[in-house]
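To start, the structure itself, in structure tokens.
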Amino acid sequence: MDLTISIVNWNVKDYLKKCLLSIEKHAGLLNYEVIVVDNASSDDSVAMVRRDFHKVKLIANKENVGYGSA
């Protein structure tokens with residue numbers, strides 16, 4: 001593994017999707033993983049990640065624990 005990218009998300013589904021697409025587009029041959037920690041979003045962020053980004057490791061918190069804890 002060359003790189004781990006951790007993203008904390010809360011109700012910014014459209015920005016998250018753009019970010020994940022950009023990572024896929026520009027990663028090239030880099031061996032990487034992406035971890036998205038969702039802080040109980042209500043905007044279908046979790047469903048979008050599960051549906052569109054199968055390689056992303058998703059942690060879906062049941063409550064918003066804040067940025068630092070996520």
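The values are calculated or read from the model by the stated rules, or taken from the named source; none is laboratory data. Note that this is a predicted model, so its numbers are computed, not measured. Because the Cβ atoms are built from the backbone with ideal geometry, glycine has one as well, and the counts that use them run over all protein chains shown. To get the accessible areas, we keep the full protein, side chains included, count just its heavy atoms, and leave off ligands, DNA and RNA. Shrake-Rupley method; radii C 1.70, N 1.55, O 1.52, S 1.80 Å.
Odds and ends about this structure:
- Spatially proximal lysines relative to residue 18 (Cα-Cα < 23 Å; intrachain offsets below 8 disregarded): 55, 57
- Here the calculated FRET efficiency for residue 1 and residue 26, from their Cβ-Cβ distance with R0 = 25 Å, stands at 0.90, rounded to the nearest 0.05.
- Taking all protein chains into account, the per residue accessible area for the chain stands at 70 Å² (1.4 Å probe).
- Whole-Å semi-axes of the chain's equivalent ellipsoid (Cα gyration tensor): 21, 13, 10
- Nearby aspartates and glutamates by direct alpha-carbon distance to residue 25 (threshold 18 angstrom, same-chain neighbours under 8 apart not counted): 2, 14, 33, 52
- Sulfur and carbon atoms: percent of accessible area, the chain [1.4 Å]: 53
- Cβ-based charge dipole, the chain, positive-most Cα from 47, 35, 7: 47
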